[in-house]
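The values are calculated or read from the model by the stated rules, or taken from the named source; none is laboratory data. Remember, predicted model here, so these are calculated numbers, not experimental data. Note that each Cβ is placed from the backbone with ideal geometry, even for glycine, and that neighbours are counted across all protein chains shown. Areas reflect the complete protein model, heavy atoms only, side chains present, ligands, DNA and RNA absent. Shrake-Rupley method; radii C 1.70, N 1.55, O 1.52, S 1.80 Å.
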Amino acid sequence: MTHHTGTAGTSEDGTYFTQVTGAFLVDQSNVELTWTLRKTPDGTLTTLSIAASDAAGDSRAWQTAAYEFATSVLAATLADKRVKFFRRSLFFYLGPQLDGEYWLPGFRFAPAFPEDDQPHLINAERVVSIDQEILAIDDMQAYALAEESSRRHAARLSLLLNVGLYRAEHSMRWVLPTTQGVPATESIRYHLAFSRPEAALTAMPEKGARCPLGAYTGSLAARYRVAGELQSLPREARKILRGVDRAAPGVADAFDRGARLYQVASVCGQQFPSVGLAYRVAAVEAMSAADPSCKGFSEFMRKYVTSLKDIDSLLDYLYGQARSGHFHAGSFPGGEFSRVNYFDPLMDMEKVERDSIHRTCYELTREAIVNWMQSVVPPEVDSA
């Protein structure tokens, strides 16, 4: 593996510079070169300089190769000649296995390991892929574009599935391995990673070649998960994604901002329920910006929550203690730092009431978001 080192910063004259040093292929051998780019504050590229280490050998060879490389990149950029690249981005979540592949606007969403022999475990980590064909100038731009769009798709899918998709952690974790069906007596620290030869695709697969098509049996408004059922996109998913892409820019922007916050809520809320609830409120508030008839969070909630009429006290709690109290005063109304009576056979009244309020708050924020999503889909998309 080639090793590179780099640095970046701002010069005294205000220009931005970025520098990378590493091996560069010249005549079938690697030469260590240092590339330096300088840009003005408005982003204009002013200089590109290349320098070699003392052991670089024939300077004419690497200078010619570096010049030709830089010229080819500039020519490709100016010509704006783009070619198609396949890119696969992996994400993870906890829950049952995704029931199949989904061909959504602009990408394929599917289980990256469809052969998983325990698809119904509700606390198991799953790996899913967002597969795209990207038009780009070169390989590196394709990676950059795919990374950006895959994160946008993952946030939207987190909202539609009501499941937090997250990227792999590059860390070492303690695990309790099982050998021949027998759990070990001591934990071992392993590197977190997913690697399966069959998951390393290099081209977009044909429909149904890797796994069955998804069934679209999920429900946007579902409040509970049913044991034994696989994860499935809701019936309205494709229609909503198309509708958002065709909607006014303000609506699409509000949808994406809310989806990102909802994704954070779903992922971080696993460890800190108060954080999850605060970010759900923030997600609703972000989406409310797209509805000019609503002045903020509370009016948006009153408009799009139809299951309950008298919700003023809950709205005060949501925006006050759950959102503002957490963000501005460090409040954790979910009870993460409260005393826990582990060996008390009687249920604590305060905890029961708190859990009941938070369950209702989660349901109401979800209901408002779902009803708003369905309202912004243009009518002509219904038949698509």
Exercise. Percent of alpha carbon pairs in segment 175-287 separated by more than 16 Å?
Worked result: 78 percent
For this session: With a point put 7 Å past each Cα toward its Cβ, work out how far His170 is from Ser49 in nm, to one decimal.
Result: 3.0 nm
Problem set entry | Theoretical ellipticity at 222 nm over the chain - DSSP helices of four or more residues, -39500 (n - 2.57) apiece, nearest 500 | -11500 deg cm²/dmol
For this session: Take the solvent-accessible surface of the protein heavy atoms, probe 1.4 Å, and return the percent of it on the chain that carbon and sulfur atoms account for.
Result: 54 percent
Problem set entry | Karplus (6.51, -1.76, 1.60) ³J(HN,Hα), θ = phi - 60°, over segment 210-223, in Hz, Gly and Pro reported as x | 8, 6, x, 6, x, 8, 6, 9, x, 10, 4, 8, 4, 9
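Hey, what's the chain come to in accessible area per residue, 1.4 Å probe, Å²? Write out the running numbers ahead of the final one.
Numbers: 22700 Å² over 384 residues.
Ligands and nucleic acids excluded, the result is 59 Å² per residue.
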Exercise. Which far-off residues, 5 or more places away or on another chain, put their amide H under 5 Å from the one on Ala290, with H placed in the peptide plane?
Worked result: none
Exercise. By how many degrees, between 0 and 90 and to the nearest 10, does the Cα long axis of helix 139-161 differ from the longest principal axis of the chain?
Worked result: 0 degrees
Exercise. For segment 37-53, in order, what is each residue's ³J(HN,Hα) by Karplus, 6.51 cos²θ - 1.76 cosθ + 1.60 with θ = phi - 60°, in whole Hz (x at glycine and Pro)?
Worked result: 10, 10, 10, 6, x, 8, x, 6, 6, 9, 9, 10, 10, 10, 9, 10, 6
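Given a cut-off of under 8 Å on Cα pairs at least six residues apart, what relative contact order in percent is computed for segment 38-124?
Contact order relative to length: 19 percent.
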For this session: Give me the angle, in degrees from 0 to 90, between the Cα long axis of helix 349-375 and the longest principal axis of the Cα atoms of the chain, rounded to the nearest 10.
Result: 60 degrees
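Please give the contour-minus-distance gain from Met349 to Phe86: 0.36 nm per residue of separation, less the Cα-Cα distance, rounded to one decimal in nm. Kindly include the intermediate steps, with their values, before the conclusion.
On the way: separation 263, 0.36 × 263 = 94.68 nm, distance 5.51 nm.
Stretched out fully, the Met349 to Phe86 stretch lengthens by 89.2 nm.
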Problem set entry | Nearest-0.05 FRET efficiency for Ser187 and Glu336, computed from C-beta distance (R0 25 Å) | 0.50
For this session: Over segment 113-205, calculate the relative contact order: mean separation of alpha carbon pairs under 8 Å at least 6 apart, over the residue count, as a percent.
Result: 22 percent
Exercise. Tell me, what is the Rg over Rh of segment 84-204, with Rh the Kirkwood radius over Cα pairs?
Worked result: 1.02
Problem set entry | Nearest 10 degrees, 0 to 90: helix 249-268 Cα axis against the chain principal axis | 80 degrees
Seminar exercise, completed: With 0.36 nm assigned to each residue of separation and the Cα-Cα distance removed, His120 to Arg246 gains 41.8 nm
Exercise. Given the convex hull over the Cα atoms of segment 174-234, what projected area results after averaging over all orientations, in nm²?
Worked result: 7.9 nm²
Problem set entry | Length gained when the stretch Ser195-Ser11 is fully extended (0.36 nm per residue, less Cα-Cα span) | 62.0 nm
Seminar exercise, completed: Here segment 181-189 yields Karplus 3J(HN,Hα) values (6.51, -1.76, 1.60; θ = phi - 60°; whole Hz; Gly and Pro given as x) of x, 10, x, 5, 8, 10, 6, 10, 8
For this session: Give the shape of the chain as rounded, prolate or oblate, defined through the alpha-carbon gyration tensor: a ≥ b ≥ c are the square roots of its eigenvalues, a/c under 1.5 means rounded, and otherwise the shape is prolate if a/b is larger than b/c and oblate if not.
Result: prolate
